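The values are calculated or read from the model by the stated rules, or taken from the named source; none is laboratory data. Bear in mind the structure is a predicted one, so any value in this text is a computation, not a measurement. Note that each Cβ is placed from the backbone with ideal geometry, even for glycine, and that neighbours are counted across all protein chains shown. All accessible areas refer to the heavy atoms of the entire protein, side chains included, with ligands and DNA or RNA removed. Shrake-Rupley method; radii C 1.70, N 1.55, O 1.52, S 1.80 Å.
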Amino acid sequence: MALPPFVALLFLVLITSACSRSQAEAPPSSGNAPAKAGTPTAGPRAIPITVGRAETRSVQRVVETSGSLLAWEDVLAKTEQSGTIAKLFADLGDRVAAGATLAEYDRREFLLAVDQARADLNAAREALARSQATVSATEASLQRVKDNLAALDADVLRAQSQVDWARSELERSQQLFAKEIIAARDVDSARNQYNTAAAQLTMMKTAAAQHPDQVRVAEAQLRSDLAAVRVAEATVKQREAALGITEKRLGDTTVKASIGGSIAKRHVSAGEFVKDNTPLFTLVVTNPLKYAGTVPERQAPDLKIGQTLRLSVEAYPDKAFTGIITRLAPAVEVATRTLTIEARVPNDGGALRPGFFAKGTVLTREDPSVVVVPSDALMNVVGLNKVFVIADGKAQERQVRPGTRQGSTLEILQGVKAGETVATSNLPALYNGAPVTVITR
């Protein structure tokens, strides 16, 4: 029955170790002559090694990251309308302040549009004034119509009184005519006066009866005139809005920087006709910069906002830059199993530029008492990590649980205590209990 590969490999390693030990314990021979009977056997030969000491150190825990430096802000200065660019006031690499003029349009057409809008507004305001004057006249007319009711009532009373008087005069004239005191023409004259008074009364009553209709007509005219005023007011507002739009368009002929920064790119030239929403300049803020990078998902729990970040870039290999973590992504990227982080990186001297590739470490915490040994002290055999502790001139094999490397030292989480001496060379020749002799390099 064939042995599993792992077991066979382990068996081979154990045989090799035993052979090494057997050879180390064998006494030295002189040629091929057998040892003489009664000669005492020498002990195992001491194995020469170098050693190091396990020490306690303060270890700064870090999380490695890689990513890119980006502009803290990246803004496109765009056009808001069509037109011809007359002048440019900035170019690649220029630093500009917020509100600084970047470009200007040819303004002639926009100035004419503003003049036209102002003329339209003035005409609308004059039309409104006329409509308001008409309303005032109509209101006065309505009031006169309403006030005329009392006069009509008085006219009716006067006409009624005149009719009563004319009737009595007619009756008296008829009586006198019957007595042959007056002539017939006097009776006819009295009758005519009565008929005239009666007609006048009828006319007055008709006028009084028509008064409500006159009031309704005047009120309807007032409503119509008021509607005309509202239309005129709406027209004025329309013209004011049109003037505001044309004035804004005139103002938009001057393109200004929305932020203070540097010109990363110029997209147009003077004299070029542009449409609305056309990019003119790319502005970037380069102090501070934004670092956008990733860390493995297993180290995500160690990260917090506010932690210090140390970065290096290829342009300055011997210089380190620091930053502060400002944002942590709420989710891990499924495709890469990484977490995205952002950091604020000061750039007072302007040495760093947006787009630089950067690598670095996030300082998570500091452990004050960590046991470390020289990195050369660790030996890995078939997945087993071990070191040889030297005590009383002999090697003691210890299985250990290593941590992270710190330069030329290795963190030991379990298996070695601070102050112990460990072998750092000739490890394949060592075994548990092997005699050793310490040499210096």
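Note that region 244-385 presents 55 Å² accessible area per residue, ligands and nucleic acids not counted, probe 1.4 Å. For region 290-398, applying the loop criterion from DSSP together with a ceiling of 15 other beta carbons within 10 Å to the GluC sites (Glu not before Pro) yields E314. Look at the dipole of the chain built from charges on Cβ: of S262, M203, P48, the Cα furthest out on the positive end belongs to P48.
Think of the chain as a dipole: +1 on every Lys or Arg Cβ, -1 on every Asp or Glu Cβ, centred on the Cα centre; then among Q60, V372, I245, V372 lies furthest on the positive end. Quick one: which of K87/K275; K87/K290; K394/K417 span more than 27 angstrom between C-alpha atoms? Too far apart for the 27 Å limit: K87/K290. Between the labelled values [x] 30, 26, 21; [y] 120, 30, 16; [z] 98, 18, 14, the entry that holds semi-axes √(5λ) of the Cα gyration tensor in Å as derived from this structure is [y]. With R₀ fixed at 25 Å, the C-beta to C-beta distance from A137 to T206 puts the FRET efficiency at about 0.40.
Looking at region 196-247, none of the trypsin sites (Lys or Arg not before Pro) sits in a DSSP loop with at most 11 other Cβ atoms within 10 Å of its own Cβ. Among the protein heavy atoms, those of F177 account for about 90 Å² of accessible surface (1.4 Å probe, every chain in place). When only the Cβ of Lys, Arg, Asp and Glu is charged (+1, +1, -1, -1), the dipole of the chain relative to its Cα centre reaches about 2020 debye. Farthest towards the positive end of the charge dipole of the chain, among the residues I324, G419, G306, is the Cα of G419, using unit charges on the Cβ of Lys, Arg, Asp and Glu.
To put it simply, the accessible area of region 207-304 at a 1.4 Å probe is 52 percent carbon and sulfur. Compared with the direct C-alpha span, the chain from T364 to L157 gains 63.6 nm at full extension, assuming 0.36 nm per residue.
Along region 250-261 the Karplus relation, 6.51 cos²θ - 1.76 cosθ + 1.60 evaluated at θ = phi - 60°, assigns HN-Hα couplings of 5, x, 6, 6, 9, 8, 10, 6, 7, 9, x, x Hz to successive residues, with x for each Gly and Pro.
Taking the centroid of alpha carbons for each part, region 234-288 and region 345-408 are 56 Å apart. About the centre of its Cα atoms, region 281-339 shows a dipole size close to 140 debye [charges on the beta carbon of Lys, Arg (+1) and Asp, Glu (-1) only; nearest 20 debye].
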